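Written out below as structure tokens is the structure these notes cover.
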């Protein structure tokens, strides 16, 4: 019974490590940056999926899709880079960065597909 601490430290193995604070900071900042980009992308996808009548405000829908590319692509790539290169951070935050970057990068693609299918000629 006296060797309980020794057993738990051996069970952790040589691969057990403490996450680095800088890596955790960058992972949290990546997730914080991806939240408004994802919100903007969802808004553009929603406005593209349900466009206004042709001739009213139909010129702003392609502009929103273009802005979605300009906003979501750099932020999505930045968050993906944080997920890839911050290996000393938390595993769960790294997974969250990966999933949020995939979401942010996929939203402009979905908006472009919807624009090509349902937009007025």
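Out of all the residues in the range 51-60, is one or more surrounded by fewer than 18 Cβ atoms within 10 Å (Cβ to Cβ), touching a residue at least 40 places away in the same chain (Cβ under 8 Å) and in a helix (DSSP H, G or I)? No, every residue in the range 51-60 fails to be surrounded by fewer than 18 Cβ atoms within 10 Å (Cβ to Cβ), touching a residue at least 40 places away in the same chain (Cβ under 8 Å) and in a helix (DSSP H, G or I). Within the range 107-121, the set of residues being free of Cβ contacts under 8 Å to residues at least 60 places away in the same chain and assigned to a helix (DSSP H, G or I) comprises 109, 112, 113, 116, 117. Of the residues making up the range 95-107, just one is surrounded by fewer than 23 Cβ atoms within 10 Å (Cβ to Cβ), more than 8 Å from the chain's Cα centre (by Cα) and under 23 Å from residue 47 (Cβ atoms), namely 106. Looking at residue 47, is it touching a residue at least 40 places away in the same chain (Cβ under 8 Å) and either more than 22 Å from residue 101 (Cα to Cα) or touching a helix residue (DSSP H, G or I) at 6+ places or on another chain (Cβ under 9 Å) (or both)? For residue 47, the condition - touching a residue at least 40 places away in the same chain (Cβ under 8 Å) and either more than 22 Å from residue 101 (Cα to Cα) or touching a helix residue (DSSP H, G or I) at 6+ places or on another chain (Cβ under 9 Å) (or both) - is not met.
Limited to the range 1-34, what total is found for residues that are under 13 Å from residue 80 (Cα atoms) and modelled with pLDDT under 60? Summing the residues that are under 13 Å from residue 80 (Cα atoms) and modelled with pLDDT under 60 in the range 1-34 gives 0.
Hey, can you tell me all the residues within the range 69-89 that are touching a helix residue (DSSP H, G or I) at 6+ places or on another chain (Cβ under 6 Å) and surrounded by fewer than 21 Cβ atoms within 10 Å (Cβ to Cβ)? Those that are touching a helix residue (DSSP H, G or I) at 6+ places or on another chain (Cβ under 6 Å) and surrounded by fewer than 21 Cβ atoms within 10 Å (Cβ to Cβ): 69, 71, 80, 88.
The values are calculated or read from the model by the stated rules, or taken from the named source; none is laboratory data. Model, not experiment: these values are computed from the prediction. All Cβ positions, glycine included, derive from the backbone under ideal geometry; neighbour counts span all protein chains shown.
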